[in-house]
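Single-structure report; data block below.
The values are calculated or read from the model by the stated rules, or taken from the named source; none is laboratory data. As the structure is a prediction and not an experimental result, all values here were calculated from the model. So basically every Cβ, Gly included, is an ideal-geometry build from the backbone, and we count neighbours across all protein chains shown.
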Amino acid sequence: MNHSMKVVMPAKNKRVVSADKQPVSLMNCYSTVTYECGCDEAGRGCLAGPVVAAAVILPPGFDCPLLNDSKQLTESQRDTLRPIIEKEALAWGVALVSNDEIDVMNILNASILAMHRAMDKLEIRPEFIIVDGNRFKPYNEIPYQTIVKGDCKYLSIAAASVLAKTHRDELMQQLHGEFPVYSWDKNKAYPTLKHRSAIRLYGTTPYHRMTFDLLGDRKLIKSKKLIR
């Protein structure tokens, strides 16, 4: 079965770009169905913690000029958008795949599984799914379309990116309380110099992804564990 059913929206719904090349609005939908679900993930490139995904179904005509790809927004803007999205969405779900699961199945499969788990939480069954990126696996025989840079093009994917990012950041803030030496409250477990320096100095935690290049030299750390 070909799940990449494509229903292109009229040209008038295309994203508007201002003279300085900054996006001023995103497209409402990709298909013509009522319940179109946008999916995105956060934390794919991190050295520790889970990958978190969100699935969002927005109402027809949803309008939020501030909404954009979460990476293009400030933390304050994301925090402002999160309750708006959660209140206005017809349905939304957030789910994670742990670092241990990532080490077993790899980050690509874990990211897709997190999206599937997020959609499992939706109170409305999607009729069509749009996914940020170029890789996905069928979900409950629902047609889907992958879209490169979809979080910069479609409102529902952008909304999913905001929810995934804010929920994961909140979790990493909590984990920072357990292991403050890694500065997860600031770097969110991304491979910053400070994070990698802390791994060299203190070893790993139960939340580190042991199959990742933790030190930047492609060496797996297997034995040295930080004592709680």
*In this structure, does T166 turn out to be in a helix (DSSP H, G or I), touching a residue at least 40 places away in the same chain (Cβ under 8 Å), of a type outside the set (A, V, I, L, M) and surrounded by 15 or more Cβ atoms within 10 Å (Cβ to Cβ)?*
yes
*Any chance you could count how many residues in the stretch 85-99 are surrounded by 15 or more Cβ atoms within 10 Å (Cβ to Cβ) and either over 13 Å from H167 (Cβ atoms) or of a type in the set (V, I, T) (or both)?*
9
*Out of all the residues in the stretch 170-190, which are under 17 Å from the mean Cα position of the chain (by Cα) and closer than 23 Å to G216 by Cα?*
M172, N187, K188, A189, Y190
*Restricting the search to the stretch 114-155, which residues are among the hydrophobic types (A, V, I, L, M, F, W, C) and part of a loop (DSSP other than H, G, I, E, B)?*
L122, I124, F136, V148
*Within the stretch 202-221, tally of residues that are more than 15 Å from G49 (Cα to Cα) and either within 23 Å of the chain's Cα centre (by Cα) or without any contact (Cβ under 8 Å) to a residue 12 or more places away in the chain (or both)*: 4
*(1) in a helix (DSSP H, G or I); (2) surrounded by fewer than 22 Cβ atoms within 10 Å (Cβ to Cβ): which one isn't true of I102, the others all being true?*
(2)
*Go over the candidates R218, R135 one by one and state the one that is basic (K, R) and at pLDDT 95 or above.*
R135
*In the list S156, S161, S98, which residue meets the criterion of being farther than 24 Å from N28 by Cβ and under 16 Å from the mean Cα position of the chain (by Cα)?*
S98
